[in-house]
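The values are calculated or read from the model by the stated rules, or taken from the named source; none is laboratory data. Everything numeric here is computed off the predicted structure, so don't read it as measured data. With ideal geometry, Cβ positions are generated from the backbone for all residues, glycine too; neighbour counts draw on all protein chains shown.
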């Protein structure tokens, strides 16, 4: 590139741009195009403009995609090599984009700059753009379908309607905000034929974006949907095991729904996808699509209930209950599922159709290999009095057991478990300490600013300092303020990152005694606490209305 720029600058310095030489250059290195009308602006000093252009190109190829609109504008430059180099750079950029990146470009490219301050695009013919290759030309037109000028977008669309690889860009314009552009896109989509397997997948994704946009005519969308579904490739084996790793979760969801709703995925294929999928939400979607589109017997559902995926089990369990509307033998064994959703659904069925008491089932098996699940189950469906038998498991050597026990006790006792949470907040095991803090936060437990401050000053634990700082900020504002101010000079990063954002904004509806106010003032005037002057002023302003 640098060698090419050097040659170009030497050529420019000679100012040899006779019509004869330009014509010869076009014939040898640029595709044949009709003569252009006068559509470009006066570019001032040509040498400076060309130098600036190549600086833009270098920065653009170094990764500054914000320069893409500027590069596009140079397509109208009346120097052949400049326009062709701009086209080559655009093609280089566009060829790298995947579906998500193309959609993002569609959203931002026309908004980044009007691109019309220097060029009247209504008079620019796409055929007048000079490029080195036909491929570069097509990429220029594809990006042109995102152009801010509706006149130019329409021209690019009409140029592209015979190009099969440009169909995704044409589909996107079904959602264009200009009626004439939408009409041109509809006309081009009407001529789509011979859709291949890979095109089926691609068209589905782009059509989904158009549907979310809300501007496309329903008839245009449904016509294209029907065309995709009728394509011979759509009913063939277009999805295999590699599909799951080739597309992201959002795109797989879209494709599954489109194909399943058109019954282009048979039961066997959906079964395979359920086994190939690793994403629980998508497995649940596939199960839902299977149930909605095909008859699934109770016996088949029993096999799904044994599936290793909790998402598949839950959907099968839910569907079986819809069919039988009653209890069935062995259902209570699912009380001990690792999935909380499954446990909850089973308890719902048992309470509606049997006298089986789920909490008693959990209590009976507390000392078995299902101990952790039983503790969770009691927390989910037990009463306050069920918390007492669980306290012994707070002393378990397995920190995982301690964690679920804290959560179960929290569910049963809520704020009344404050002393338990306070104790385990100071536990040296991080898992236990974090869970204790979750219970404190969940039930808005308050311990008093002084108690929190004293523990904070005496602990060396970074985690505990962080959690105590957060707890201090939740205490009543005037009660906590002296301690917040005394921590303002703290150099500990775990404390600073939480305390320093405090900006003194205090509700004037809360009150304090004059003695408390004097204490706050003495802290603010003590230089060792390093309270910023603007913070002091805000606090003093609020104090005027808060002393009772």
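Remarks
- The range 175-193, subset in contact with a helix residue (DSSP H, G or I) (Cβ under 8 Å, 6 or more places away or on another chain) and closer than 30 Å to residue 242 by Cβ, residue surrounded by the most Cβ atoms within 10 Å (Cβ to Cβ): 189
- The residues in the range 83-104 that are at pLDDT below 95 and buried (at least 19 other Cβ atoms within 10 Å of the Cβ) can be counted, and the count is 0.
- Candidate set: the range 351-361, residues that are in a helix (DSSP H, G or I) and touching a helix residue (DSSP H, G or I) at 6+ places or on another chain (Cβ under 6 Å); chosen: the one surrounded by the fewest Cβ atoms within 10 Å (Cβ to Cβ): 359
- Candidate set from the range 229-246 (those that are at pLDDT below 85 and in a helix (DSSP H, G or I)); member that is surrounded by the fewest Cβ atoms within 10 Å (Cβ to Cβ): 232
- If only residues of the range 118-139 that are closer than 22 Å to residue 175 by Cβ and under 35 Å from the mean Cα position of the chain (by Cα) are counted, the one that is surrounded by the most Cβ atoms within 10 Å (Cβ to Cβ) is 139.
- Qualifying residue in the range 330-347 (condition: under 29 Å from residue 262 (Cβ atoms) and at pLDDT 95 or above): no
- Subset of the range 512-547 [outside any helix (DSSP H, G or I) and out of contact with any strand residue (DSSP E or B) (no Cβ under 7 Å at 6 or more places or on another chain)]: 513, 526, 530, 531, 532, 544, 545
- Whether a residue is surrounded by 15 or more Cβ atoms within 10 Å (Cβ to Cβ), without any contact (Cβ under 8 Å) to a residue 60 or more places away in the chain and on the phi < 0 side of the Ramachandran plot was assessed, and residue 309 passes this test.
- Subset of the range 157-171 (residues that are closer than 21 Å to residue 100 by Cβ and surrounded by fewer than 22 Cβ atoms within 10 Å (Cβ to Cβ)): 165, 166, 167, 168
- Subset of the range 494-548 (residues that are farther than 16 Å from residue 480 by Cβ, surrounded by 15 or more Cβ atoms within 10 Å (Cβ to Cβ) and in contact with a helix residue (DSSP H, G or I) (Cβ under 7 Å, 6 or more places away or on another chain)): 494, 536
- Answer residue from the range 488-502, given it is more than 16 Å from residue 535 (Cα to Cα) and part of a helix (DSSP H, G or I) and is modelled with the highest pLDDT among those: 495
- Test: residue in the range 374-387 that is surrounded by 22 or more Cβ atoms within 10 Å (Cβ to Cβ) and closer than 30 Å to residue 512 by Cα: no
- Residues located in the range 132-151, provided they are over 15 Å from residue 164 (Cβ atoms) and part of a helix (DSSP H, G or I): 136, 137, 140, 143, 144, 150, 151
- Only one entry of 40, 73 meets the criterion of being surrounded by 18 or more Cβ atoms within 10 Å (Cβ to Cβ), modelled with pLDDT under 95 and under 27 Å from residue 172 (Cβ atoms), and that entry is 73.
- All conditions in (1) within 29 Å of the chain's Cα centre (by Cα); (2) surrounded by fewer than 16 Cβ atoms within 10 Å (Cβ to Cβ); (3) touching a residue at least 12 places away in the same chain (Cβ under 8 Å); (4) closer than 30 Å to residue 363 by Cα hold for residue 281, with the sole exception of (4).
- Filtered by the rule that a residue be assigned to a helix (DSSP H, G or I), over 10 Å from residue 346 (Cα atoms) and over 35 Å from the mean Cα position of the chain (by Cα), the range 304-335 gives 323, 324.
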